[in-house]
Amino acid sequence: YERISPYPIVQRRFVLLHTEQSLNFNRLLLDGLHDRFTEFGHRVDPVLIPADLRPDDFAEWAESTGIGYAEGVFIAPRMASERLERLLLTLPVPRILLNFPPHEVNVDSVIWDVSEAVYQSVLHLRRMGHSRILYVGDIGTQRGFRLRWQTFRDALQEVNEDATPTAHLPLLAYVPEQEKFDARAFIDRYRELKPSAIVCAIDELAVPVYRALTDAGVRVPTDCSLIGIVNEQTDDLPLLTRPLLLIKECGFRAADRMLWRIANPSAPYEHLRVRGGFYAGTTTGTIQ
């Protein structure tokens with residue numbers, strides 16, 4: 001009798017909804033969610049959304065998975081379509097969007113601040129004397145990708161305000177036309193534009209871009225500096241100069257926000273951006 005806790009513990013079950021596109025950062029999000037929920041005795045289960053799920057079949061799929069009976073759901077970035085994301089946002093349970101929020105949607109959101117990451121990257125290269133910076137990445141299929149591209153343009157314009165006319169920064173970009181990276185097309189674009197530095201804005205492009213450069217005889221950072229906006233350092237890359245994306249910390253913070261939302265269902269919605277620092281690795285150098 002003395003070993004029985006006077007405060008009954010209720011284990012809550014939460015769900016992280018994700019797609020195959022979000023697998024590369026799903027582990028980090030789960031780690032953050034798990035670390036925080038474990039402190040309260042709760043659990044979080046990942047649920048993979050089928051790639052071929054049609055909007056007309058959404059209600060049946062949601063019923064079969066039982067996600068409507070969870071205490072709350074977390075919606076990962078990079079859904080197959082914005083229509084699917086909006087269907088997920090209609091689920092009759094507390095929801096936290098791990099993404100930049102769409103307009104006119106009542107939902108809390110928590111996301112790592114890629115806008116700040118792009119600014120940090122551009123400013124770091126400018127301080128090292130680079131004036132021809134090539135942006136590499138998707139600029140339109142996801143809200144986060146559109147924000148990165150817009151921020152890159154804004155950052156160039158901002159640093160130009162304090163520059164002399166001869167130091168004007170041109171807007172350079174390489175946008176892959178297919179899901180599969182085309183190394184030859186990229187190198188052709190690189191040789192055409194002749195940048196002194198590259199900002200690789202998408203995680204899965206960092207390794208292909210680096211390999212394409214080295215295979216073409218381009219020395220990093222002697223011939224061209226490279227910054228990658230990546231989820232984490234990998235063994236396939238040298239010590240990469242990069243902004244630090246606090247993905248795991250976003251999961252931790254999102255768990256807190258979920259418990260707060262359950263306790264305060266009528267409170268105003270909030271959108272949180274978790275800002276990280278910057279790591280100067282071995283892939284950037286100063287213009288001589």
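Could you tell me whether G66 is at pLDDT below 90 and either closer than 17 Å to W260 by Cα or surrounded by fewer than 15 Cβ atoms within 10 Å (Cβ to Cβ) (or both)?
Values: at pLDDT below 90: yes; either closer than 17 Å to W260 by Cα or surrounded by fewer than 15 Cβ atoms within 10 Å (Cβ to Cβ) (or both): yes.
Yes.
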Qualifying residue in the range 181-199 (condition: open to solvent by less than 60 Å² (accessible area, probe 1.4 Å) and farther than 23 Å from G281 by Cβ): yes
Test result for D236, touching a helix residue (DSSP H, G or I) at 6+ places or on another chain (Cβ under 8 Å), modelled with pLDDT under 95, charged (D, E, K, R) and over 30 Å from H271 (Cα atoms): yes
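Does at least one position in the range 211-218 carry a residue that is touching a residue at least 40 places away in the same chain (Cβ under 8 Å), in a helix (DSSP H, G or I) and out of contact with any His (no Cβ under 7 Å at 6 or more places or on another chain)? Step through it out loud before you land on a result.
Let us first name the residues in the range 211-218 that are touching a residue at least 40 places away in the same chain (Cβ under 8 Å), namely none.
Checking the range 211-218: not a single residue is touching a residue at least 40 places away in the same chain (Cβ under 8 Å), in a helix (DSSP H, G or I) and out of contact with any His (no Cβ under 7 Å at 6 or more places or on another chain).
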Residue match in the range 42-62 (condition: within 25 Å of D203 (Cα to Cα), exposed (fewer than 11 other Cβ atoms within 10 Å of the Cβ) and among the aliphatic types (A, V, I, L, M)): yes
E39 being crowded, with 17+ Cβ neighbours inside 10 Å, modelled with pLDDT of 85 or more and acidic (D, E): no
Hits in the range 110-142 - residues which are open to solvent by less than 40 Å² (accessible area, probe 1.4 Å) and within 23 Å of G32 (Cα to Cα): V110, I111, W112, D113, V114, S115, A117
Those residues of the range 263-286 which are open to solvent by 60 Å² or more (accessible area, probe 1.4 Å), under 18 Å from G251 (Cβ atoms) and part of a loop (DSSP other than H, G, I, E, B), in sequence order: E270, R275
Some residue of the range 79-92 being under 21 Å from the mean Cα position of the chain (by Cα), closer than 23 Å to I202 by Cβ and among the basic types (K, R): yes
Top-ranked residue in the range 219-243 [being part of a loop (DSSP other than H, G, I, E, B) and touching a residue at least 60 places away in the same chain (Cβ under 8 Å); ranked as surrounded by the fewest Cβ atoms within 10 Å (Cβ to Cβ)]: T222
Count of residues meeting criterion [within 21 Å of F252 (Cα to Cα) and of a type in the set (D, E)] in the range 13-69: 4
Checking W260 against (1) over 30 Å from E192 (Cβ atoms); (2) buried (at least 19 other Cβ atoms within 10 Å of the Cβ); (3) of a type in the set (F, W, Y), the condition it does not meet: (2)
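The values are calculated or read from the model by the stated rules, or taken from the named source; none is laboratory data. Not measured: the values here are computed from a predicted model. Counting neighbours? That spans all protein chains shown, and the Cβs are built from the backbone with ideal geometry, glycine included. Heads up: the accessible areas ignore ligands, DNA and RNA and are worked out on the full protein's heavy atoms, side chains in. Shrake-Rupley method; radii C 1.70, N 1.55, O 1.52, S 1.80 Å.
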